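Enquirer: Sharing a structure with you now.
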Amino acid sequence: MEQTAAVDPILDLARPSILRNPYPAYARLREGTPVFWHELLGSWVLTRHADCLAVLTDSNRFASDWRRAGEDIPAPLLSVQTLDPPEHTAIRHLLLDGFRAQDRQALHEDLEHRIADLLAGLADRPSFDFVGELAEPVALRFVTAFLGVPAPELDWFVPMSRTVVDGMDAGLWPEKREPAVAARARLAEYAGGWLADPPEEGLIAYVAEHAADSGVAETVLRNSLRAVLHAGYESASRLLGNAGAALLTTPGALAAFRATPATAVDELIRYDAPVQADARVCVTDTELGGVTIKAGDPVTLFLGAANHDPLRFDHPAELRLDRAPNPHLGFGRGAHACLGASMAIRLAGSVLGALARDYPDARAVAEPDHRRNLTLRGLDRFEVTLRPRAGEEVRP
């Protein structure tokens with residue numbers, strides 16, 4: 001039975017009742033102590049939009065590369081995600097150039113055909129798992145097609161990927177660290193041969209062709225391609241799951257999506273973003289939110305709380321699919337802003353647009369079941385149907 005007494009404001013976020021909707025709990029943190037030291041994490045915690053934005057956009061004072069604070073980071077962990085400028089600049093530019101060189105229109109057209117076929121098959125069934133049978137296979141197929149490699153088997157890849165994500169919360173649950181390290185090693189081994197025997201097309205082909213002139217170490221290249229696979233899959237699949245749950249459990253939202261496709265996906269990201277937390281380390285004494293953060297202090301940014309900050313968003317608890325402008329932090333900001341943000345938005349638009357257009361009677365059969373993750377927010381299972389209720393007419 002779930003305990004009612006809250007013993008810790010961060011651990012409490014993992015309680016099932018709060019995990020379903022953590023945003024009121026975030027609001028209490030933001031209103032009470034928006035910048036505070038958390039002993040278990042050994043980190044400052046930030047919950048306001050302005051403070052989180054300030055850290056994300058200031059890589060001079062807040063580092064993603066913890067070596068700048070004296071930490072010993074092993075080579076297998078050095079990638080586009082963990083390096084800072086100027087080292088970060090070379091690998092980011094190489095990957096961005098590779099992104100731009102791809103025929104993204106052709107990729108999306110192929111994907112849209114696959115989405116239509118998949119939804120048509122699911123429509124014949126009384127209900128299905130939106131996560132395991134739609135969001136995850138579509139996201140994995142999309143990311144690997146972009147990379148130019150065959151998609152691995154879901155039964156092998158998904159549990160390993162989830163174990164890596166579980167390890168992101170090892171600051172709270174240390175027992176998750178070692179399984180995550182082992183899973184990351186298996187994932188690295190899987191991706192290790194890509195540059196040695198690259199495909200003819202896709203991002204990996206581009207990186208392999210231009211690697212020699214990039215000035216980027218091969219270890220960083222390999223780690224970064226592995227990171228693109230894992231982060232791209234997890235961000236896309238969790239975005240689809242969270243957004244699908246918001247649309248199918250909010251009255252009128254699916255119809256509203258059809259009317260506001262240009263702004264809807266950004267609002268769905270703000271409303272229930274996959275990336276709920278990020279971390280940096282302070283490298284220069286800095287005052288933030290009335291608190292002096294010392295060099296060497298870790299800083300945890302609760303981006304989910306920032307995306308619901310009423311000082312930045314009117315009526316943040318409401319899902320307003322026509323919200324604009326929408327300066328959410330769902331894809332980060334600054335030097336480490338998500339490389340594939342535009343592609344994730346288009347992928348979500350394709351899947352959710354097809355759902356809203358072709359299956360306007362789609363609805364939830366059961367409440368979404370959330371995974372016990374605080375860094376990356378996502379669903380374990382979400383049972384839905386594309387059929388109208390008995391006795392209802394099928395709408396065009």
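Enquirer: Mark the label point 7 Å from the Cα of E209 along Cα→Cβ and return the residues of segment 105-120 whose backbone N is within less than 11 Å of it.
Expert: Of the residues in segment 105-120, none has backbone N under 11 Å from the label point off E209.
Enquirer: Might you tell me the accessible area per residue for segment 251-396, computed with a 1.4 Å probe and given in Å²?
Expert: 43
Enquirer: May I pose another question? Please give the net charge around S64, taking every other residue with its beta carbon less than 14 angstrom from that of S64, where Lys and Arg add +1 and Asp and Glu add -1.
Expert: Charge balance in the 14 Å sphere: 0.
Enquirer: Would you mind calculating the relative contact order of segment 1-137 from Cα pairs under 8 angstrom and at least 6 residues apart, reporting the percent as a whole number?
Expert: Across segment 1-137, relative contact order equals 9 percent.
Enquirer: Compute the distance in nm between two label points, each set 7 Å from the Cα along the Cα-to-Cβ direction, one at E39 and one at L311.
Expert: Placing both labels 7 Å along Cα→Cβ, they lie 2.7 nm apart.
Enquirer: Still on this model: Under the rule of -39500 (n - 2.57) per DSSP H run of 4 or more residues, summed and divided by the residues of the chain, what mean residue ellipticity at 222 nm is obtained, to the nearest 500 deg cm²/dmol?
Expert: Calculated at 222 nm, the ellipticity per residue is -14500 deg cm²/dmol.
Enquirer: Build a GNM of the chain with springs between Cα atoms under 10 Å: which of V35, V181, V80 gets the top mean-square fluctuation?
Expert: Answer for the Gaussian network model of the chain: V181.
Enquirer: Express in nm, to one decimal, how much length is gained between R258 and A196 on full extension, taking 0.36 nm for each residue of separation and deducting their alpha carbon distance.
Expert: Details: separation 62, 0.36 × 62 = 22.32 nm, distance 4.48 nm.
Stretched out fully, the R258 to A196 stretch lengthens by 17.8 nm.
Enquirer: What spacing in nm lies between the two simple spin-label points modelled at E112 and A366, each 7 Å away from Cα in the Cβ direction?
Expert: 3.4
Enquirer: Counting only protein heavy atoms and using a 1.4 Å probe, what share of the accessible area of segment 5-61 belongs to carbon plus sulfur, as a whole percent?
Expert: That fraction is 55 percent.
Enquirer: Distance in nm between label sites at L96 and D380, each 7 Å beyond Cα in the beta-carbon direction?
Expert: A separation of 4.0 nm, rounded to one decimal place.
Enquirer: Let me ask something else. Test of understanding: what is the full-extension gain from D103 to R125, defined as 0.36 nm times their sequence separation minus their Cα-Cα distance?
Expert: Extra length available between D103 and R125 comes to 4.5 nm.
Enquirer: Here is a further query. Using 17 Å as the cut-off for backbone N distance, which residues of segment 27-51 belong to the label zone defined by a point 7 Å from the Cα of R177 along Cα→Cβ?
Expert: What the label zone holds, given the 17 Å backbone N cut-off, is 39-43.
Enquirer: Continuing with this model, one more query. Pairs of Cα atoms under 8 Å, at least six residues apart: use those to get the relative contact order of segment 225-325, whole percent.
Expert: 28
Enquirer: What does the accessible area per residue of segment 81-127 come to in Å², with a 1.4 Å probe and no ligands, DNA or RNA counted?
Expert: Per-residue value: 54 Å².
Enquirer: Filter the GluC sites (Glu not before Pro) in segment 310-396 down to the DSSP loop ones having no more than 14 other Cβ atoms within 10 Å, then list what survives.
Expert: E318, E392, E393
The values are calculated or read from the model by the stated rules, or taken from the named source; none is laboratory data. Bear in mind that the values here come from a model prediction, so they are computed numbers and not experimental data. All Cβ positions, glycine included, derive from the backbone under ideal geometry; neighbour counts span all protein chains shown. Just the protein is used for accessible areas: all its heavy atoms, side chains included, with ligands, DNA and RNA removed. Shrake-Rupley method; radii C 1.70, N 1.55, O 1.52, S 1.80 Å.
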